[in-house]
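Engineer: First, the structure itself, so that you have it in front of you.
The values are calculated or read from the model by the stated rules, or taken from the named source; none is laboratory data. What you are looking at is a predicted structure, and each value in this text was computed from that prediction instead of being measured. With ideal geometry, Cβ positions are generated from the backbone for all residues, glycine too; neighbour counts draw on all protein chains shown.
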């Protein structure tokens, strides 16, 4: 049986993605997370499209498993009944759309472009997750008024998402830039 082995530079990228995902376990304001940055980082640097999707999604899913089943289930037992395999489908759809955005918009990475795409990723996530909330939450009537109410309710969380995406993009892309500068053999090639 052949073993799949990532090249060193792909291992560095994967390590950075999973390290960022672990920051979800640190107390933080609601929605101030590395999700958008993880999706954009994978999209920008994994040349193999399968890895651009698989690595960020694996980091999201594994961190969701830990959060939902070990942390949130203990903190909020009234909301958890059994093992939770995944978070809201809308979160994963939003995440998928951010990876696609990153693949198309980050063929070259500049600070200005990264900031703009990061803000766009925050908006995509906001639109996808609040639309999902409107679809499944009985609190919102299934009409334009209900959809508007869902989006209005999400506005305070949007600002944290935006700040989190910008912050974690700076950390992830900056870290990779430092690795490229001080250990170019590990990072210069796309994985």
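Engineer: Taking the conditions exactly as written (in contact with a helix residue (DSSP H, G or I) (Cβ under 8 Å, 6 or more places away or on another chain), free of Cβ contacts under 8 Å to residues at least 60 places away in the same chain and in a loop (DSSP other than H, G, I, E, B)), does residue 107 satisfy them or not?
Structural biologist: no
Engineer: Residues of region 45-64 being touching a helix residue (DSSP H, G or I) at 6+ places or on another chain (Cβ under 6 Å) and either surrounded by fewer than 23 Cβ atoms within 10 Å (Cβ to Cβ) or at pLDDT below 95 (or both), which ones?
Structural biologist: Result: 45, 46, 53, 63.
Engineer: For region 158-168, name all the residues that are under 16 Å from residue 91 (Cα atoms) and surrounded by fewer than 19 Cβ atoms within 10 Å (Cβ to Cβ).
Structural biologist: Residues satisfying the conditions are 158, 160.
Engineer: Which of the following residues is surrounded by fewer than 12 Cβ atoms within 10 Å (Cβ to Cβ), under 23 Å from the mean Cα position of the chain (by Cα) and either touching a residue at least 24 places away in the same chain (Cβ under 8 Å) or more than 17 Å from residue 40 (Cβ to Cβ) (or both): 155, 144, 179, 171?
Structural biologist: Just one listed residue meets the conditions, 155.
Engineer: Looking at this structure, is residue 73 free of Cβ contacts under 8 Å to residues at least 12 places away in the same chain and either over 18 Å from residue 170 (Cβ atoms) or not in a loop (DSSP other than H, G, I, E, B) (or both)? Spell out the reasoning first.
Structural biologist: Values: free of Cβ contacts under 8 Å to residues at least 12 places away in the same chain: yes; either over 18 Å from residue 170 (Cβ atoms) or not in a loop (DSSP other than H, G, I, E, B) (or both): yes.
In short, yes.
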